[in-house]
1. Any idea which of (1) surrounded by fewer than 20 Cβ atoms within 10 Å (Cβ to Cβ); (2) part of a strand (DSSP E or B); (3) touching a helix residue (DSSP H, G or I) at 6+ places or on another chain (Cβ under 7 Å) is the one V416 doesn't satisfy?
2. Which of the residues that make up the stretch 191-240 are β-branched (V, I, T), more than 16 Å from the ligand (Cβ to nearest atom) and touching a helix residue (DSSP H, G or I) at 6+ places or on another chain (Cβ under 7 Å)?
3. Do you know which residues across the stretch 148-190 are within 15 Å of the ligand (Cβ to nearest atom) and without any contact (Cβ under 8 Å) to a residue 24 or more places away in the chain?
4. How many residues, within the stretch 114-163, are of a type in the set (D, E, K, R) and either within 13 Å of the chain's Cα centre (by Cα) or not assigned by TED's automatic domain parsing to the domain that holds I180 (or both)?
5. Cβ-Cβ distance below 7 Å, separation of 6 or more or different chains: which pairs start in the stretch 404-426 with a residue that is in the same structural domain as P227 (by TED's automatic domain parsing) and end on one that is in a strand (DSSP E or B)?
6. In the stretch 59-69, how many are out of contact with any Asp or Glu (no Cβ under 9 Å at 6 or more places or on another chain) and over 15 Å from Q381 (Cβ atoms)?
7. Within the stretch 129-150, is even one residue farther than 27 Å from R175 by Cβ, touching a helix residue (DSSP H, G or I) at 6+ places or on another chain (Cβ under 7 Å) and of a type in the set (S, T, Y)?
Amino acid sequence: MLHVGRSRYSRFVARCCLIATWSLAGAVHAAQSAAPAMSSSPSVTIPTPQALAAQWEQVHSKALPVAPLVQHPDVEQHLKALQARAPDLFQLEVAGHSVEGRALYHVTLGTGPRHILLWSQMHGDEPTATTALLDLFEYLRTHREEPWVSRLLSSLTLHAVPMLNPDGAERFQRRNAQGIDINRDALALQTPEARTLKSLRDKLQPSVGFNLHNQGWRHAVGDTGRPASISLLAPAFDRARSDNPGRILAKKVCAVIRDAVETLAPGQVGRYDDSFEVRAFGDNMTLWGTPTVLIETGAWLSLPPDEPLVRLNFVALATALDALASGQAEKADVARYDSIPENESSGLVHLLLKGVGMFGADGKPFTGDVGIAVSRAVRGQGKKLQLAHVGKVEELGDLRILGALETVDGKGLFVVPLTGKGAKPGDTYRLTRPAKQSLSLGQRADLMLLKPLESSDTYRIERVIRFDP
Ligand SMILES: [Zn+2]
């Protein structure tokens, strides 16, 4: 509709069509909003976040590998098994195919008037929500007789595409097999994955979308030094970051999620940057009439983080969907969204060595802080995939403004690269050529913390730092 011609007239028509579509979507949205409120009953309540977190343990699939190792065949098998167990509840269709021909599954459940579209892992190395969606489906199947679940299934129709980028997931990479970032392809539509998502949106006209991602582990909640385990965003649909009724609803849904998640992870919810990205799906979905909630999953307090993060996603999604089903979302306080501290994208490291001695390339000692960041890698192929945590020396110097998941007081200690395979705490270590044992930015964080002994070049190993055994 928008490519009809080059004349001023046709551009005018195109703009009007856009506005008309938008208004129509607004009207549909208003009608859909009214439905759940009528069917809601104040006596029907969702379990508390703590209770949901405990129930998650029972529905979480033990057959699935840990979230980053979940591959397309796992998702496919899981969805088919779900549908076989409850064919009256789940509809499964192939909505499209990835570049390499993997099926993009569209799961539908519920019979309600309000349509919700959820998609996960459009970035292949951002897996947490795919597992959370599978767990949520299993929960809805096994708890369908509970009043709050039955209200959800009669008020909403859920449409989900778990793992929108299976080719990227196969390689544990952000982009698809063409090397394109699907979340920058909402307008150009050069990837089959983006075309599938866009055509689902156009066909279903969902009243709310959930765009489910992971963010890097260096994201902190403002200047608190706490990890942004969940960051939320109601994306802007223009450069002025204006509000419309849809975006306000998305903010209210974020407020609901914040209050649920913060009871389980206090101080660990951040607000994602709301700059308008003209090419991104969340921003354009909101413009097209499907206000979108972005959930970015970040670092957890300990490694490995997957189970607690999948659990948080599960609670976030269950709570948000219940609020949309009951009409509570409309009553939420936007100020609870606006007051979420903004993400600080480089505000966190995994391990911070404070005031530790180290050696320069000239062999001279100096004192400073060392910030070690950890990221994830998946190695191997097929069924022999392995997950690794990779530590790097990310920051050196005065790092008092950084938060850390673990802080070590390095006073009276030296840090040097790890040498020798069998080094362990308590061993004596002779450091004869300090110039060869300087730290450099970006190096792998296989390190030793040393305490000087009486003899000038002799040390005791206090700690061996290593993330990838
Ligand atoms: Zn992403």
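The values are calculated or read from the model by the stated rules, or taken from the named source; none is laboratory data. Quick caveat, the model's predicted, so the values are computed rather than measured. Reconstructed Cβ throughout: ideal geometry from the backbone, glycine too, with neighbour counts over all protein chains shown.
1. Failing condition for V416: (1).
2. V208
3. Correct list: I180 only.
4. Quick first cut of the stretch 114-163, residues of a type in the set (D, E, K, R) only: 114, 125-126, 135, 138, 141, 144-146, 151.
Next cut, either within 13 Å of the chain's Cα centre (by Cα) or not assigned by TED's automatic domain parsing to the domain that holds I180 (or both) only: 125-126.
Final tally of qualifying residues: 2.
5. Matching pairs, first to second residue: none at all.
6. Going residue by residue through the stretch 59-69, those that are out of contact with any Asp or Glu (no Cβ under 9 Å at 6 or more places or on another chain) are 62, 69.
With over 15 Å from Q381 (Cβ atoms) added as a condition, the list becomes 62.
Final tally of qualifying residues: 1.
7. Yes, that holds for at least one residue.
Conditions (1) assigned to a loop (DSSP other than H, G, I, E, B); (2) surrounded by fewer than 24 Cβ atoms within 10 Å (Cβ to Cβ), marked per residue:
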site	(1), (2)
V261	no, yes
G267	yes, yes
G270	no, no
F276	yes, yes
R279	yes, yes
M285	no, no
T290	yes, no
L303	yes, yes
